[in-house]
Amino acid sequence: MSADIQFVVLTEGQEYEIGGFKVKGIKQNHPGDSYGFRFEKEGKAIVYSSDAEHKTSWDQTARNDNYPFLEFFKQADLLIFDAQYEWGEAVQSKDDWGHSSYIAAVELSVKANVKHLCLFHNEPTYDDDRLEVLLEDTWEYLKIYNDRQPHPLKIDLAYDGMELEV
């Protein structure tokens, strides 16, 4: 193979210009580490945050305005978010496994003024019917949350072959 393959380690928090995009990374809470990425171009921002455990409702740290992900997610046109578990799993049996829930997704998205949330990194043992229930529960939670802090957040569930225009 004649390809020139290079691995460039990015410094967390530093902004890079790559292929016409501004790119920033942030270290996430996951065993063995993982990084989320923010891509910006022509006034639009997409954030990819998979393999990340965000503790919001049950952890006052995340409710603090200094939580670093709030700034990282701020005003994103699209947030692709690790919502692998239902809330109960995330806080009980799978706490500290490095994945989040739809509750964390909604709370952080609203607080960071995200426009479109796409739930991603779904639990592989969930069938399509259970994923549909999770999406419906997410919409219901947003309705409840909107009673406290109204927000026009759009929410989708990622699926194989999905394309979104930003």
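The values are calculated or read from the model by the stated rules, or taken from the named source; none is laboratory data. Everything quoted here is computed from the prediction, not taken from an experiment. Reconstructed Cβ throughout: ideal geometry from the backbone, glycine too, with neighbour counts over all protein chains shown. The accessibility values were calculated without ligands, DNA or RNA, using every heavy atom of the protein model including side chains. Shrake-Rupley method; radii C 1.70, N 1.55, O 1.52, S 1.80 Å.
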Boolean, residue 109 is within 21 Å of residue 34 (Cβ to Cβ) and modelled with pLDDT of 85 or more: yes
message: Going by what's in this entry, would residue 48 be described as touching a Gly at 6+ places or on another chain (Cβ under 8 Å) and either under 20 Å from residue 75 (Cα atoms) or open to solvent by 80 Å² or more (accessible area, probe 1.4 Å) (or both)?
response: yes
task: Check off (1) of a type outside the set (Gly, Ala, Ser); (2) modelled with pLDDT of 85 or more; (3) surrounded by 13 or more Cβ atoms within 10 Å (Cβ to Cβ) for residue 85 and give me the number that stays unchecked.
output: (2)
- prompt: Just for the stretch 120-166: of the residues that are open to solvent by less than 40 Å² (accessible area, probe 1.4 Å) and modelled with pLDDT of 95 or more, which one is farthest from residue 53 (Cα to Cα)?
  reply: 153
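Can you tell me which residue in the stretch 6-19 is least open to solvent (accessible area, probe 1.4 Å), limited to those that are in a loop (DSSP other than H, G, I, E, B) and in contact with a strand residue (DSSP E or B) (Cβ under 6 Å, 6 or more places away or on another chain)?
Residue satisfying both the conditions and the ranking: 10.
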